[in-house]
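Beneath this line is the structure, given in structure tokens, with notes to follow.
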Amino acid sequence: MEKLLISACLLGVNCKYNGKNNYNPLIEELKKKYELIPICPEVMGGLSIPRDPSEIKGDLVISNKGNDVTSNYLSGAYQALQLVGISNITKAVLKDGSPSCGSTYIYDGTFTKNKINGMGITAKLLKENNIIIYNENEIERLL
């Protein structure tokens, strides 16, 4: 069975910044076709649950309290990349909008809920390393 990297929050794991999840019922269909490998790069990078919301501003990831958490995001991204390498993973389903996992949009760094085209830290690193990225709105393409 092919392995598929997936944002843990989409599986119902309460790992979002606010301690909640983004469960998607289509995940049940994915489980029939793929071995799901869950990740939360933010937690993997050492951030807590819950944690301060963060957004990408320029080349940095900044929390809503002004703390630079870029190193946590980079650490989690590189751990995810290492995982795909040792697990021979070629595809990932990641939560769009996240400063880690966003694949088509992220928030603009002003904490005003303004979305812009862009990629999160992990999504960008995985894509640069030839991992095909899908977001939660593209799950049906994998079924």
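The values are calculated or read from the model by the stated rules, or taken from the named source; none is laboratory data. Keep in mind the model is a prediction, meaning the values are calculated, not measured. Cβ coordinates were reconstructed from backbone atoms using ideal geometry, including for glycine residues, and neighbour counts include every protein chain displayed.
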**Request:** Sort out which residues of the stretch 79-103 are hydroxyl-bearing (Ser, Thr, Tyr) and surrounded by fewer than 16 Cβ atoms within 10 Å (Cβ to Cβ), and write them in order of number.
**Result:** Ser87, Thr90
**Request:** Filter the stretch 85-143 for residues that are assigned to a helix (DSSP H, G or I), over 13 Å from the mean Cα position of the chain (by Cα), under 23 Å from Ser75 (Cβ atoms) and not small (Gly, Ala, Ser) and give the result.
**Result:** Ile86, Glu128
**Message:** If Leu81 meets every condition in (1) touching a strand residue (DSSP E or B) at 6+ places or on another chain (Cβ under 7 Å); (2) more than 20 Å from Thr112 (Cα to Cα) apart from one, which number is that one?
**Reply:** (1)
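Quick check: anything in the stretch 92-101 aliphatic (A, V, I, L, M), in contact with a Cys (Cβ under 6 Å, 6 or more places away or on another chain) and at pLDDT 95 or above? Please lay out each step first, then the result.
Quick first cut of the stretch 92-101, residues aliphatic (A, V, I, L, M) only: 92-94.
Filter again for in contact with a Cys (Cβ under 6 Å, 6 or more places away or on another chain), leaving 94.
The next check asks that each one be at pLDDT 95 or above; those that pass are 94.
Looking through the stretch 92-101, at least one residue is aliphatic (A, V, I, L, M), in contact with a Cys (Cβ under 6 Å, 6 or more places away or on another chain) and at pLDDT 95 or above.
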**Request:** State whether one or more residues within the stretch 15-26 are free of Cβ contacts under 8 Å to residues at least 40 places away in the same chain, of a type in the set (D, E, K, R) and in contact with a strand residue (DSSP E or B) (Cβ under 6 Å, 6 or more places away or on another chain).
**Result:** no
**Asked** Can you find even one residue in the stretch 55-62 that is part of a loop (DSSP other than H, G, I, E, B), surrounded by 14 or more Cβ atoms within 10 Å (Cβ to Cβ) and of a type in the set (A, V, I, L, M, F, W, C)?
**Response** no
**Item:** Index of the failed condition, Asn21 passing every other in (1) surrounded by 15 or more Cβ atoms within 10 Å (Cβ to Cβ); (2) part of a helix (DSSP H, G or I)
**Value:** (2)
**Item:** Members of the stretch 27-50 found to be surrounded by fewer than 17 Cβ atoms within 10 Å (Cβ to Cβ), assigned to a loop (DSSP other than H, G, I, E, B) and touching a residue at least 24 places away in the same chain (Cβ under 8 Å), listed by number
**Value:** Gly46, Ile49, Pro50
